[in-house]
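Read the figures in this text as sums done on the coordinates, not as results from a lab. All figures in this text were calculated on a predicted structure; none of them were measured in a lab. In this analysis, Cβ positions are derived from the backbone assuming ideal geometry, glycine residues included, and neighbour counts consider all displayed protein chains.
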Amino acid sequence: MTKKTIYVIIPAAGRSERMGGSVPKIMMDLAGIPVIIRTLRAFEDFIYNDYIMRTVVVTGRSLTGGIRALIAEYGITCVEAVIEGGATRTESVGRGVSYLRDLGIGDSSIVFIHDGARCLIDQDTLHSCADALTRCDVCAAAVPAKNTIKITGDTEDGLPVVESTPDRDHLMEIQTPQCFRFNVLSKAYRYAEDNNITATDDTALAELLGYKVCLCRGSYSNIKITTPEDIRIAEALIRQ
């Protein structure tokens, strides 16, 4: 049987400003293995029906060589390319979309977008996302919000003030992967480029075009490495 392909775009070009220090977070050691390698291994190990994985890492110019070296050192085989990103996450993912467009992939091809710093992504979540795309064109991993969320405004002296409290039963925390049929993803990023739209959430661009976004089961352990505290939390999760 001919193998089909799941394409993965991994934005890994963040400046790591909240992490501090001189080492970008995706290159940091996490229990003996760099963050980006842990992320890539999750997709290297992902087995879904008769699909194979082809991954595009989008990163900063100064990191391309180092990431390529780590990929070779750890024997990661699912990486199609390591390319230079842009000034924003939206621009970086857009470059990944353009790369896939230049490959000539089909409109119905499956594309996952996953943060390079979410290195504890588990196989069950990946399966949940892939299964969801058999029933919809756009989906994202999500977990129910644990905390009460407040909608705020600002007072005249700049302090936040509560305007409303939404029902937590209807609130979900969105994670990655965020997953698309390629024709929807391509339209969404062309729209963002044409209208100079910047978004931190890929599915939000599909929402702007009127697509319904399905949510599939994520995991509370699927944290994004952002601050030094996250490193300690991730190491504790790995030890478990």
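So here's what we get for this one:
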| item | result |
| --- | --- |
| Distance in nm between pseudo-label sites at Q123 and L209 (7 Å out along the Cβ direction from Cα) | 3.3 |
| Burial order of peptide ranges 37-45, 227-235, 148-156 (average beta-carbon count within 10 Å, highest first) | 37-45, 227-235, 148-156 |
| Given charges at beta-carbon only (K, R positive; D, E negative), |dipole| of the chain in Debye | 620 |
| Among N222, N49, N183, residue whose mean-square fluctuation peaks in a GNM of the chain (springs only between Cα atoms under 10 Å) | N49 |
| Integer Hz, Karplus 6.51/-1.76/1.60 couplings in order for the range 66-74, x for Gly and Pro | x, 5, 4, 5, 5, 4, 5, 4, 8 |
| Calculated SAXS-style log₁₀ I(q)/I(0) at q = 0.09, 0.11, 0.16 Å⁻¹ - the chain, Debye, Cα scatterers | -0.39, -0.59, -1.24 |
| Percent RCO, i.e. relative contact order, over the range 4-239, from Cα pairs under 8 Å lying at least 6 residues apart | 25 |
